[in-house]
Amino acid sequence: MPSILIVDDEPGVRSALGGVLRDEGYDVDAVDSGEACLERLSRQAYDVVVLDVWLPGMDGLQTLARMRERQIDTQVVIISGHGNIESAVRAIKMGAFDFVEKPLSLEKTVLVVRNALRQRNLEAENRALRARVDAQHTMVGDSHAMIKLREQVAMAAPTNGRVLIFGENGTGKELVARNIHQMSRRRAGPFVEVNCAAIPEDLIESELFGHVRGAFTGAVADRRGKFELAHGGTIFLDEIADMSLKTQAKVLRVLQEQIMEPVGGSNRIKVDARVLAATNKDLTAEIRAGRFREDLYFRLNVVPIFVPPLRDRQEDIPLFADHFMAVLAREYGRRPKTFESDALVALRQYPWPGNVRELRNVIERLMIMVPGDRISSRDVTFLDQGPPADGPASTQILSSAPLHEARDQFERDYILRALAAQQGNISRTADMLGIERSNLYRKMRSFGIAPSRRGEDEEIA
């Protein structure tokens with residue numbers, strides 16, 4: 001129930017306004033002075049404070065100023081008498097939500113309070129959203145390697161120097177780049193990511209530098225490139241080693257001159273974007289092989305940062321597991337599951353060839369497929385089996401188990417992979433497996449596989 005504090009020295013106002021707000025379903029308290037207001041706020045939180053400007057002793061503006069000094073989180077609605085609009089405007093500038101004039105229109109006052117509550121809820125949702133985004137971009141880990149990595153990021157971020165991030169696939173190079181941007185002086189500007197490996201060679205120049213109408217078939221309108229979109233912020237060139245030598249030359253020119261030309265255009269565009277780049281390849285070997293320009297390498301490699309693989313920071317795995325479980329639980333609208341000690345041991349012993357990305361996918365699988373609230377080592381046995389194989393290799397994995405156990409284990413894992421491929425949708429999974437939906441449900445129950453909420457929702461829809 002929303003809580004309201006009325007601050008007014010007139011008993012009639014406190015009584016009438018309090019009665020109307022209680023009728024609206026609000027929890028209402030009232031005091032008669034600014035001093036009493038501050039004392040009450042020190043003991044209890046309120047969603048909205050309805051504050052009169054004219055108060056004995058400490059007036060409303062002074063009370064509001066003290067509230068802001070103490071960083072009291074509440075919406076403030078000012079009550080202003082005739083001829084005191086100037087004070088009300090001052091209060092708005094100090095952070096008050098709105099004001100109402102005396103003599104009070106109870107109907108209007110209730111409307112303003114309702115709007116103040118709506119604004120408070122929106123701000124709370126925005127804070128929660130920012131917290132969720134921050135959680136997703138948190139650099140998790142207490143290992144020596146992660147402490148060193150965070151130190152390097154903290155030193156590089158405030159500068160405008162270019163950073164070249166090295167590391168295997170899935171180690172979190174993009175996360176490092178985002179943290180550098182968020183800790184930099186450019187954090188208010190855009191963060192533009194370009195996956196150089198995912199863009200066809202005939203389109204990458206247009207993606208990076210933009211194009212003018214008619215520059216090539218399909219260019220029906222002018223288009224701004226990623227460098228221009230990143231003006232005032234940061235551009236992150238991921239997998240830069242997959243860029244052709246021709247495109248490398250044009251990127252080098254932008255780095256040297258901070259000027260670019262759209263494809264098919266003649267206008268020179270000034271570019272002010274900090275460049276971060278990343279690769280999973282050995283660029284010195286790529287240079288020797290003639291696949292990467294040495295001059296571009298030296299331009300990019302001002303501050304090199306290496307992101308270690310997950311196998312080299314095993315002590316961080318339990319922290320990652322809990323972190324991803326909490327994030328995914330919020331996404332799925334479920335309670336987070338807890339890891340038993342034997343499950344954490346199994347997770348630490350696995351080599352994680354796909355690094356942090358693979359770990360997150362595994363945690364999501366456990367969130368969806370494991371029934372109950374606890375995850376044991378039995379639930380992560382699929383990690384020891386490696387990727388699914390065809391033919392004789394798959395039988396080798398199960399050769400040490402009795403036939404019926406091997407058959408059950410194979411069938412359980414096969415169903416899990418099918419469910420994952422269909423995002424948990426029961427009907428599509430049953431069609432894929434060539435069995436009735438009821439039969440699939442029965443097998444899932446026998447193997448202890450819980451249907452995902454997302455899959456159930458899709459069934460209902």
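Please state which one of Gly214, Gly290 is in a loop (DSSP other than H, G, I, E, B) and modelled with pLDDT under 90. So that I can check it myself, show each step before the final result.
Details: Gly290 fails: modelled with pLDDT under 90.
Selected residue: Gly214, the only one of Gly214, Gly290 that is in a loop (DSSP other than H, G, I, E, B) and modelled with pLDDT under 90.
Taking helices (runs of 4 or more DSSP H) that fall entirely within region 8-120, which contain at least 1 residues that are of a type in the set (A, V, I, L, M) and at pLDDT below 90?
85-93
If I ask for residues that are assigned to a strand (DSSP E or B) and either in contact with a His (Cβ under 8 Å, 6 or more places away or on another chain) or closer than 22 Å to Val176 by Cβ (or both), which ones from region 239-269 would you list? Before you say what the answer is, go through the steps one by one.
Within region 239-269, the subset assigned to a strand (DSSP E or B) is 259-260, 263, 269.
The one that is assigned to a strand (DSSP E or B) and either in contact with a His (Cβ under 8 Å, 6 or more places away or on another chain) or closer than 22 Å to Val176 by Cβ (or both): Val263.
I'd like the full set of residues that are without any contact (Cβ under 8 Å) to a residue 40 or more places away in the chain and either crowded, with 16+ Cβ neighbours inside 10 Å or not assigned by TED's automatic domain parsing to the domain that holds Cys37 (or both), limited to region 52-64. Give the derivation first.
Taking region 52-64 and keeping what is without any contact (Cβ under 8 Å) to a residue 40 or more places away in the chain, we get 53, 57-59, 61-62, 64.
Across region 52-64, the qualifying residues are Val53, Met58, Asp59, Leu61, Leu64.
Condition first: out of contact with any Leu (no Cβ under 6 Å at 6 or more places or on another chain) and either hydrophobic (A, V, I, L, M, F, W, C) or not assigned by TED's automatic domain parsing to the domain that holds Val77 (or both). Now tell me which residues in region 25-47 satisfy that.
Matches in region 25-47: Ala30, Val31, Ala36, Cys37, Leu38, Leu41, Ala45.
Could you list, in sequence order, all residues of region 21-65 that are under 38 Å from the mean Cα position of the chain (by Cα) and among the hydroxyl-bearing types (Ser, Thr, Tyr)?
Tyr26, Ser42, Tyr46, Thr63
Okay, residues lined up against (1) among the aliphatic types (A, V, I, L, M); (2) touching a helix residue (DSSP H, G or I) at 6+ places or on another chain (Cβ under 6 Å); (3) under 26 Å from Phe166 (Cβ atoms):
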{"position": "Val192", "(1), (2), (3)": "yes, yes, yes"}
{"position": "Ile199", "(1), (2), (3)": "yes, yes, yes"}
{"position": "His211", "(1), (2), (3)": "no, no, no"}
{"position": "Thr234", "(1), (2), (3)": "no, yes, yes"}
{"position": "Ile240", "(1), (2), (3)": "yes, no, yes"}
{"position": "Gln256", "(1), (2), (3)": "no, no, yes"}
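Go through region 151-182 residue by residue and tally those that are farther than 27 Å from Asp242 by Cα and either among the acidic types (Asp, Glu) or surrounded by 15 or more Cβ atoms within 10 Å (Cβ to Cβ) (or both).
Total meeting the criteria: 1.
If we scan region 364-371, do we find a residue that is in a helix (DSSP H, G or I) and under 20 Å from Arg313 (Cβ atoms)? Write out each step before concluding.
Narrowing region 364-371 to residues in a helix (DSSP H, G or I): 364-369.
Among the residues that remain, those that are also under 20 Å from Arg313 (Cβ atoms) are: none.
No, because not a single residue in region 364-371 is in a helix (DSSP H, G or I) and under 20 Å from Arg313 (Cβ atoms).
This table checks each residue for (1) closer than 22 Å to Arg417 by Cβ; (2) in contact with a strand residue (DSSP E or B) (Cβ under 8 Å, 6 or more places away or on another chain); (3) of a type in the set (A, V, I, L, M).
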| site | (1), (2), (3) |
| --- | --- |
| Pro318 | no, yes, no |
| Pro336 | no, no, no |
| Ala343 | yes, yes, yes |
| Pro353 | yes, no, no |
| Ile368 | yes, no, yes |
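For Ile269, all conditions in the list (1) within 30 Å of Phe382 (Cβ to Cβ); (2) surrounded by fewer than 19 Cβ atoms within 10 Å (Cβ to Cβ); (3) β-branched (Val, Ile, Thr) hold save one; what is the number of the exception?
Of the numbered conditions (1) within 30 Å of Phe382 (Cβ to Cβ); (2) surrounded by fewer than 19 Cβ atoms within 10 Å (Cβ to Cβ); (3) β-branched (Val, Ile, Thr), the odd one out for Ile269 is (1).
The values are calculated or read from the model by the stated rules, or taken from the named source; none is laboratory data. Predicted model, so just to flag it, every value in this text is computed and none were measured. We place every Cβ from the backbone using ideal geometry, glycine too, and count neighbours over all the protein chains shown.
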